[in-house]
Every structure is written in C-alpha cells, then in structure tokens.
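The values are calculated or read from the model by the stated rules, or taken from the named source; none is laboratory data. Only a predicted model underlies this, so the values are computations on that prediction, with no experimental measurement involved. Cβ placement follows ideal geometry from the backbone for every residue including glycine, while neighbour counts extend to all protein chains displayed. Side chains included, ligands, DNA and RNA excluded: accessible areas come from the protein's heavy atoms. Shrake-Rupley method; radii C 1.70, N 1.55, O 1.52, S 1.80 Å.
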Amino acid sequence: MTRYGSGWLAAAALLCFGTDCVRATPATLFSQPAYQSPVRGDPGDLLMLAGDGFASSDTVVYQSITDTTQLPGPPAGAPVASDANTGVATVVSTLEVPHSLTISLPASMQSGQSYALWVLNADGEWSNGVTINDARPLWITPDSAYVSASKAGLPRYLKVVGRNLQPAAGATTQVRLIGPSTYTLTAQNDGDQTTAIERYVANVTLPTNMTAGTYTIQLSRDGSSWIGVASGQTLETLPDPTAPATFAVDDPAYGGCIPGDGVDDTLCIYKAIAAARRAGGGSVVFGPGVWDMGNDSAAGVVYFGVLVPVGVNIIGAGAGSTTIRRDTTWSMQKPIFTLQGQNTVQGIRFKDAYVYQPTDPGRTLLELGVAPANAQSYNAADPSTVSGVTITGNTFEQPFVAIQDGGMPIDHLFVTNNDFGAYDTGLLLDGTHYVSDSVIAFNTFEPGSYINAAVGQGAIPTGISSGQRLDFSNNVADGTSTQYLYNPATDAKGFRAAFFWSLIGDHEEVLVAQNTATCSGDKAGDGEAIAFDGNGNTSALATAQPVLAATSNSVTVQGPLLTLTNGTAYGELWIQIASGTGIGQVRPVVSYSSATGSSVTFTVSPAWDVAPAADSLVTTAKEYWQVYAVDNFVDQRQPLCQKSNANKPSGGVIGFWAGSSDSAIEGNQQYDTSGILYSLAYDVQSARYGTSPATGFQTFLDIRGNTIKGEYNWAASCSYSGIRGWYGASPDAPSA
C-alpha cells in the first residue's frame with residue numbers, strides 16, 4: 001500500500017497493542033443511499049459515519065462534487081486546509097470505535113452542497129466513499145395519471161418522494177418524464193425557509209395534455225446530475241376515462257323506489273348493482289333525497305352487505321343532495337356496501353341512524369373487500385385483492401366506523417376530499433398487511449361522541465396497519481368541531497388521537513405531510529397527534545440471537561423460529577444487527593430456509609454493507625422504513641381545545657412507539673403538546689416475567705427543525721414536552 005506523504009510501500013500494515021498485533025484494514029462505511037448511510041449534513045452539524053473498521057486515529061476527508069451520479073475516487077492525501085470545496089472534518093467522538101465515528105462538519109462547508117466523504121487510516125488506506133446532500137428520489141405518487149383529466153378529485157400532480165430533493169443554490173429542482181414524449185417540469189417551492197417539504201417532496205404539475213404511455217422518472221436538484229427513482233417505478237399515463245353506463249336506482253325496472261318516502265330501498269339498490277354487473281360495469285346513480293337501507297335480509301344482501309362488483313360505481317348527486325341512510329333495522333355489525341375493486345364512490349352523504357354506546361360492537365358502513373377466506377364465496381370470478389378503489393367527495397355522518405378493510409391486500413386506494421364524522425373511527429385499515437401505492441389526502445375528520453376512559457379510548461380519525469408507498473397528506477383532524485357529537489353541549493369534545501399507525505404490516509416509504517391535528521388530547525388515552533405505534537409487531541426470535549454464519553446477503557441463527565402473531569409471514573420481518581460487527585444495519589427478509597430447523601438462514605435484500613460476524617447479535621421485527629412526518633401542524637392550546645384528557649395530561653404527541661430506520665421528523669409545529677417521542681425497547685420471551693419478544697430500535701432517525709412551544713399542562717408532574725427518548729428492557733436472568 002502507499003502511505004501518502006511519506007513515500008514508502010509495504011505489503012501490509014500492523015497495529016500493535018502490547019504484545020498483540022492485528023492486521024489493519026481500511027474502514028468500511030455504510031453506503032447504500034436508502035439503508036443507513038449518511039444523508040444530510042450542514043455546516044456545524046454533527047454527523048455519524050457508521051460501518052466497521054474505524055480507529056481513533058482516523059482522519060475524515062470531504063470534497064465537494066458536482067456530478068452526484070459518479071462517486072469520485074479519494075484525493076491523493078488529506079488536505080492541509082479546509083474550505084467550501086475540500087478539507088478535513090474534526091472527529092469529535094470515538095466512543096463507538098470500531099463501529100462508527102462522529103464528526104463535526106466545518107463551518108466553511110457550503111450548506112446544501114453535495115459532498116463525498118472518506119475515512120483515511122493511519123496507514124494511508126482509504127475507506128469506500130459516501131455522499132451527503134445528494135438528491136435521493138425513492139418513489140412516486142400517484143403512479144398513474146390521465147392524459148388530461150384529473151384523478152380522484154385531485155389536482156394534476158406528481159410527487160417524487162425521497163431525501164435531499166430541495167434545489168441546490170441558484171438552481172431549481174426539476175423532474176423529467178421520459179416516455180412517448182419527454183417533459184421537464186419544475187418542482188413547487190414555497191420559498192419558506194421554515195418549512196421542510198421541498199427536502200422530501202418534489203411536487204410537479206403535470207402538463208394539461210400528455211401523450212399516453214409509460215414514463216420513467218428522473219430528478220435533478222442542480223440541473224446537471226439526473227438521478228432515476230430508486231424504486232424503479234414508472235408513471236402510467238392513461239387515456240381519459242369515458243363516461244360509464246348508468247343505472248338509476250329509481251328506474252322502474254328495479255322496483256320503482258323513490259327517495260324520501262321512508263320505505264326501504266335495499267332491493268332496488270341491489271337490482272341496479274346486479275344490472276351493472278351483468279353489463280360489465282357502470283355507475284349506479286342515486287338521485288337527490290334520502291335513500292333508506294334497513295332490510296339486511298333482502299335478496300342479494302350477504303354477510304358483507306351488498307357486494308359492489310369490480311367496475312361498478314356508487315354515484316350520488318352530491319353529498320349535500322343525496323343521502324344513503326342505514327336504518328336501525330340493519331345490523332350494526334354488517335356493512336351496507338362492500339367494495340370489491342375498481343369502484344368509485346362519490347357525491348353521497350352516508351348517514352347512520354344508530355345512536356351508539358361505547359360498548360356496542362359497531363361496524364363500518366363501507367368495507368373494502370370481503371374477508372380473505374371468503375374471497376370467492378359469492379362469485380368464483382371475484383378478486384382476492386382490493387385494487388383501484390376511489391372514495392371522494394362524500395360525507396360520513398355518525399357511523400361507528402366509516403370505512404374499514406376486510407383483511408385483503410389493498411392497492412391504489414384513493415380516499416380524497418371526504419368529510420368524516422364517525423362515532424368511533426373515520427378510516428380504519430387495521431386488518432390488512434398491505435396497503436400500497438395509495439393516496440389519502442385532503443380529507444376532514446371531525447370527532448364523534450365515543451369515549452371510554454376505562455380503556456383509554458375515544459374517537460379517532462384514522463388507523464392504518466400497513467403502508468408501502470403511501471401518501472397521507474393535507475388532511476385535517478378538526479377536534480374543535482362539535483357537528484357530529486350526539487349532544488354538543490355535554491359530550492366530550494376532541495379526539496383520543498388523530499392519525500394512528502400500527503404494525504399489522506410493515507410501513508415502507510410513507511409520507512405523512514402537511515396535515516393538521518387539533519385537540520387530539522381532549523378525550524382519553526395517550527393523546528397522540530401522529531403515532532407510529534408498535535401494536536401488531538411480532539418477532540421470530542425469543543431473544544437477540546448470536547450469528548452462527550453469514551454471507552454478503554444472509555445470516556444464520558439458532559432455530560426453530562417462534563410462531564408469529566397476526567398471521568404474519570416470516571418474509572414480512574426485518575433483520576436488525578443489534579450489536580457487534582455490522583451493528584445498526586436493518587434489512588428486509590426476502591426468504592428463509594426453514595422455520596422449524598435447528599438453524600435458520602435468513603436471506604436479505606439489499607446485501608449487507610458489513611456482513612455480521614460471530615460477535616454479532618441479531619433481532620427480528622416489523623419496521624417503519626423511510627417514513628417521513630414533515631410540516632404537520634398540531635395545536636392543543638386553550639380555548640381552542642379543552643385539555644380534558646380523562647387519563648393523563650397528554651396531547652398532540654408525534655411519536656415513534658416502535659422501531660424505525662432511515663426515517664425523519666422535520667418541520668412540524670406543535671403548540672401546548674407533549675412534544676416528540678421516540679421509544680427504544682428490547683423485550684425477551686420470559687415465562688418468569690410474562691413478557692413477549694419485541695424489538696424497537698431507532699436507527700438513523702433524523703429529528704430536526706421542529707417547533708415545539710408550550711406544554712399540555714405545566715403544573716402537572718406527568719406532563720411532558722420537548723423531544724424525549726424513552727427506553728425499556730425487561731430483565732431476565734437467562735438473557736443478556
């Protein structure tokens with residue numbers, strides 16, 4: 001090797017400690033852009049460089065780069081001075097050597113400039129290079145558009161989501177669509193330095209008329225380096241939809257039903273839907289007035305209510321004109337409609353005549369798909385997934401739950417521009433492991449009267465159990481509203497929480513941005529505004545397991561595996577290197593050898609940057625990966641809100657209650673709230689303590705630029721604010 005600056009060559013370098021000598025090797029840095037590599041660094045920031053092989057004597061060198069598509073080789077040696085172009089970053093912590101170094105980025109560096117970083121060891125050997133501040137477009141939403149029409153009541157836009165997407169100095173962020181035609185579009189920029197959305201979203205307006213076809217996506221923040229979307233997603237531009245055939249519910253052919261007469265209309269509705277099915281699809285149209293559904297024993301009504309086949313729409317004259325009312329003679333445990341795919345529900349007020357009590361076993365008005373076990377129970381051609389459902393421009397008045405899934409995988413769900421006033425929950429997707437390529441945006445949620453302080457529960461806008469490429473933006477949880485309370489003068493106001501996520505499935509590439517939540521601590525419970533919860537999490541390992549063997553893309557541990565909860569497949573889990581060589585890496589499992597074997601090999605993708613070794617311990621869990629909570633507004637101030645939480649002085653929390661990796665909480669504004677919380681937890685399976693295995697590590701979580709003013713209750717000893725890191729571990733003698 002060459003030792004820069006001294007001009008000598010040697011076959012190997014030795015590091016000696018007393019009588020012990022080991023061969024020195026250059027450090028290896030985590031370098032995959034979406035998996036635990038460094039992302040961003042501004043002048044004066046502390047930045048952790050993670051990997052393996054670091055030493056206290058290492059030097060960290062930086063160099064500005066203009067072409068971020070090509071990582072340059074390291075310089076000839078360490079610079080003697082530091083400026084905006086090149087230099088040495090001061091190492092400020094070596095406590096985690098050999099697994100990481102923490103550096104301070106010099107004030108002379110340029111904010112927002114893309115840089116390459118390398119580590120130079122005492123023997124003149126260079127690590128691999130990594131970059132910071134380079135554009136990292138990861139995914140797009142939505143992934144289809146019409147050539148000129150709007151979709152799901154949304155503006156004609158495309159969002160590219162990722163990291164470091166804000167424009168470079170003196171430039172604009174641009175998105176290029178390459179397909180039957182080529183379009184170069186400029187991303188929106190609010191010009192507000194206090195917001196962070198441009199760092200995570202490049203939002204472009206699509207041309208008014210495009211050529212139909214498939215487009216690949218590239219992004220540039222500097223006008224020279226064009227980066228393709230990492231997921232490989234393409235934008236499908238489709239011909240504008242043609243007007244479907246219509247089937248009017250009041251057509252005499254279906255029974256002569258008319259609205260507003262107080263007579264049950266269920267059979268006419270079913271007949272109109274059946275006619276649309278026979279025709280291969282179409283829109284079942286409800287005119288102005290109140291349509292009653294009270295006979296859940298009518299012909300065509302099944303356990304899942306009236307099935308709405310693939311390609312059949314439910315269309316009203318507007319939520320202010322058309323009402324479909326579920327009467328009290330309809331079972332509160334049976335939905336009125338179950339949507340099976342490629343359906344649009346639009347322009348209807350859904351009214352529930354029940355007055356619910358907290359102990360009622362209420363159910364939804366609209367269900368997304370039947371239960372998976374019943375997929376073909378009613379028609380052999382029915383699907384096993386729910387795809388392409390649009391629910392837009394509706395009002396949901398006092399149902400127990402407005403919209404709920406039946407447990408099937410869901411993709412391309414659009415829930416937009418609705419007003420939810422549910423007694424319990426507005427949108428509840430808590431039974432499915434997969435909600436992918438979907439948009440939930442521009443909805444308003446207002447509280448219902450449900451509260452049960454004994455179990456710490458109350459009305460809540462949303463509960464979502466999984467998300468892959470999910471855009472949850474511009475929604476409002478208006479806890480000040482009393483419109484949907486049974487008795488506005490006496491019923492508890494506000495919400496138990498606002499936007500709630502759980503881990504029935506993983507959450508991968510999820511945007512939670514520019515939402516508003518008020519009075520989310522006025523009912524009961526923990527009072528979160530945005531909660532990434534651990535409910536539904538599960539592990540395949542009873543304790544953190546030592547590594548028996550490993551390759552570049554696998555790890556072998558002692559078997560057999562535990563039986564997973566919630567119907568989870570082992571392939572849904574992520575592997576986390578919890579200590580030892582490779583610590584901090586988190587990878588999804590793509591296959592495994594055998595759950596019942598004496599040893600089990602997990603295959604992961606992408607490959608490890610640093611393969612685990614005999615000193616490594618690994619755990620398994622579900623994961624929040626590349627989840628961004630950005631520019632949300634949370635308000636718990638009086639007199640706007642009551643601060644009447646029946647269980648604890650808490651409200652307005654933004655929190656990760658379960659493990660996350662490569663995620664961010666930035667640019668949020670919180671007033672009189674309990675602040676930001678991230679929890680760290682390790683539980684083992686223990687009969688002695690009655691604990692179950694669980695892991696909740698926060699790896700490469702970026703929390704910055706948030707405004708947290710005030711506290712829920714300064715006078716209460718259990719009221720918190722600021723940014724809190726919680727941790728917990730269950731003690732058990734046989735377990736480390």
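Annotations for the structure displayed:
- Here residue 640 and residue 253 are evaluated by their C-beta separation; at R0 = 51 Å the FRET efficiency comes out at 0.45.
- When its C-alpha radius of gyration is set against 2.2 N^0.38 Å (N residues), the range 90-198 gives a value of 1.51.
- Intensity falloff of the range 558-633 expressed as log10 I(q)/I(0), Debye formula with alpha-carbon point scatterers, at q = 0.11, 0.16, 0.25, 0.27 Å⁻¹: -0.33, -0.64, -1.29, -1.41
- If you sort 229, 80 by accessible surface, 1.4 Å probe, largest first, the order is 80, 229.
- By the Kirkwood approach, averaging reciprocal distances over each pair of separate Cα atoms, the range 528-677 gets a hydrodynamic radius of 17.3 Å.
- Stokes-Einstein D in µm²/s, Kirkwood radius over Cα pairs - the range 465-526 at 37 °C with 0.692 mPa s viscosity: 248
- In Å², nearest 10: area of residue 434 left accessible to a 1.4 Å probe: 100
- Based on the reciprocal of the average 1/r between different C-alpha atoms, the Kirkwood radius for the range 162-269 equals 17.8 Å.
- Nearest-10 value in Å² for the accessible area of residue 554, using the 1.4 Å probe: 10
- Against the chain, whose longest principal axis comes from its Cα atoms, helix 266-278 is set at around 60 degrees.
- Cα-based equivalent ellipsoid, the chain: semi-axes from gyration tensor eigenvalues, Å: 49, 29, 25
- Taking every lysine pair in the chain that is 8 or more places apart or spans two chains, those with Cα atoms closer than 21 Å amount to 11.
- Taking a quarter of the surface of the Cα convex hull of the range 599-736 gives a mean projected area of 11.7 nm².
- Over the C-alpha trace of the range 427-549, radius of gyration and Dmax come out as 16.7, 65 angstrom.
- Antiparallel DSSP beta bridges within the chain, as percent of all bridges there, nearest 5: 40
- Counting DSSP beta bridges with both ends in the range 347-463, the antiparallel % (nearest 5): 5
- Heavy atoms of residue 331: accessible area, 1.4 Å probe, square angstrom to 10: 40
- Accessible-area composition of the chain, carbon plus sulfur, in percent [1.4 Å probe]: 52
- The range 240-316 - Kirkwood radius from inverse mean 1/r over Cα pairs (Å): 12.6
- Rounded accessible area per residue of the chain, 1.4 Å, Å²: 37
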